[in-house]
1. Select from the stretch 330-345 the residues that are modelled with pLDDT of 95 or more and of a type in the set (D, E, K, R) and list them in ascending order.
2. Taking the residues in the stretch 258-316 that are basic (Lys, Arg) and closer than 23 Å to VAL210 by Cα as candidates, determine which candidate is modelled with the lowest pLDDT.
3. If I filter the stretch 330-345 down to residues being hydrophobic (A, V, I, L, M, F, W, C) and part of a loop (DSSP other than H, G, I, E, B), which single residue comes out as nearest to the chain's Cα centre (by Cα)?
4. Looking at the stretch 365-382, is at least one residue part of a loop (DSSP other than H, G, I, E, B), in the same structural domain as TYR429 (by TED's automatic domain parsing), on the phi > 0 side of the Ramachandran plot and free of Cβ contacts under 8 Å to residues at least 40 places away in the same chain?
5. Which residue is modelled with the highest pLDDT, if the candidates are limited to the stretch 346-359 and must be surrounded by fewer than 18 Cβ atoms within 10 Å (Cβ to Cβ) and under 27 Å from the mean Cα position of the chain (by Cα)?
6. If only one of ASP362, ASP442 is at pLDDT below 95 and closer than 24 Å to LEU339 by Cβ, which one is it?
7. Quick check: is even one residue across the stretch 7-19 closer than 30 Å to ARG130 by Cα and modelled with pLDDT under 85?
Amino acid sequence: MIYSFVYSSSHPMASVIIFPRRYMRPWALLRVCNSWRNIALNSPTLWSVLAFNFTGANPKIHPLQYRVPFQRALELSKNSNLSIQLTIHHPTIGDVNFLWKHIISTSSRWVTCDLSADYWEFREFLDVFRNIPNLRTLRLKAGTHTWFGDTHGEPSEFFSTAAALRTVEFYGLEFLSLSLPLHRLTELSIHQPSRAGASSLFHQCIDGAVNLDTFSFHCKSEMIFDPLPNTVVHARLRKLTFVDSVPASLFWCSMPGLEELVLFTKPTESHHPIYDNDVGDLCSFVERSNCPLRRLVIQQPVPFSVFRSIVLCCSTSLTDLVLTIDWDDTVEELANCRLLPSLRTLSLSYLPRLSKVLFEDDSIYSMVRARRDAGLERLTLSMPQSKFWVHADIPNHLARLWNLTNGSFHIQFMYVGTDHFYEQESLEYLTNWIKEETSLGDRDNGAVHH
């Protein structure tokens, strides 16, 4: 509380100081506040990370209440590089004038820009990207409307000065219309709901972003009218993420340096049939790339048998596996240590349906013990928020798993955001809670039968 008070009291806009009782004498606190104020006013980098939110007129807030502090903060930043966050939705005329005069005029100092705007406001502020020589990270949320028009001239002009740009994250439509300097990027994330065009967005990005190290792609449906060109070999890419589905143009791509593959990052309760085809395409992609895949993450509940061929392709190189469990075959397959002999880290997230049978037998214990003896170093078991998995025998099973841990093998047992294997007390707390829950259930059932 003292630190919070010191910070707020030392703010250049503060006009009234109210001393908290019981903590320190007023003269001592005033000295601390004055020292903090002097440091803050003479440290431009303290004012280099700024967030501006312009979401239309609010009758309860006078414009000066936010414009004056914003302007003062920009003055205090002096000539330091800036990380700017702009949220612009239906701004007032006064907001727009303030933006152009005080904020956008500093664009040559931006190293990070996070812009979220409705499609109309987004179009209006495209010109700001004509003067961004120091910008390294760009995040754009442009809504779900088409926004690019002929009135804005050639799109290549907007980012012609972005020589330092390396990381781009884009949410919206018409990504290619921006004509970003793809060849400069090392990290790219695209979230485009759907697209229809002559060529594949995924293929063009892989072909143009030759220095890309990390690529996350989300486009649910992509209609391509022209035939795709020859296969693109991208040797630099190390991490590839598909948020929802796998683009058909992956068939024309090869990535021999790929080390991490992350699939279906929107987990659901049920397995969608389309993923069977997607995983088949991924299998041929991994085989074709002949890549040293070390980490595989599948966050949809896909049967182990479906993606087993991917695992076989990289069986000797894979060291880290993350799965969402909703099928009975996974634990049994993982118990075979001849499959994935180099596995060092294993993470299993259970959905409610299968969590109910997790400890019905010794299969999970046998798998964990076999993997530990084969060299596994860390296991994470994540349970669903529900209480479906809770029953009277759970404490005994947890105790057996706990006894498998040693100096070279660690287990995390995650429930409601807490690792209950972090220390003995955490495990005791969980087991006591389970005993209380099951005893309450037994009493309720007894009362019903009585």
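1. ARG344
2. Filtering the stretch 258-316 for residues basic (Lys, Arg) gives 266, 288, 294-295, 308.
Of the ones still in play, those that are also closer than 23 Å to VAL210 by Cα are 288, 294-295.
Details: ARG288: 91, ARG294: 96, ARG295: 97.
The qualifying residue modelled with the lowest pLDDT is ARG288.
3. Here is the first cut: in the stretch 330-345, the residues hydrophobic (A, V, I, L, M, F, W, C) are 331, 334-335, 337, 339-340, 343.
Those still in the list that are part of a loop (DSSP other than H, G, I, E, B) too: 335, 337, 339-340, 343.
Numbers: ALA335: 31, CYS337: 31, LEU339: 30, LEU340: 27, LEU343: 24 Å.
Taking the candidates together, the pick is LEU343.
4. We begin by selecting, within the stretch 365-382, every residue part of a loop (DSSP other than H, G, I, E, B); these are 374-377.
Now restrict to residues that are in the same structural domain as TYR429 (by TED's automatic domain parsing): 374-377.
From what's left, on the phi > 0 side of the Ramachandran plot: 375.
If we keep only those that are free of Cβ contacts under 8 Å to residues at least 40 places away in the same chain as well, we get 375.
Looking for residues that are part of a loop (DSSP other than H, G, I, E, B), in the same structural domain as TYR429 (by TED's automatic domain parsing), on the phi > 0 side of the Ramachandran plot and free of Cβ contacts under 8 Å to residues at least 40 places away in the same chain, one finds at least one in the stretch 365-382, hence yes.
5. Among those that are surrounded by fewer than 18 Cβ atoms within 10 Å (Cβ to Cβ) and under 27 Å from the mean Cα position of the chain (by Cα), it is SER347.
6. On the way: ASP442 fails: closer than 24 Å to LEU339 by Cβ.
From the options ASP362, ASP442, the qualifying one is ASP362.
7. Going residue by residue through the stretch 7-19, those that are closer than 30 Å to ARG130 by Cα are none.
The answer is no, given that none of the residues of the stretch 7-19 is closer than 30 Å to ARG130 by Cα and modelled with pLDDT under 85.
Yes or no, residue by residue, for (1) more than 33 Å from the chain's Cα centre (by Cα); (2) at pLDDT 85 or above; (3) part of a strand (DSSP E or B):
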position: ASN38; (1), (2), (3): yes, no, no
position: THR45; (1), (2), (3): no, yes, no
position: PRO59; (1), (2), (3): yes, no, no
position: HIS62; (1), (2), (3): yes, no, no
position: ARG67; (1), (2), (3): no, no, no
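The values are calculated or read from the model by the stated rules, or taken from the named source; none is laboratory data. Fair warning: this is a prediction, and the values are worked out from it, not measured in the lab. A quick note on method: Cβ atoms are made from the backbone with ideal geometry, for glycine too, and the neighbour counts reach across all protein chains shown.
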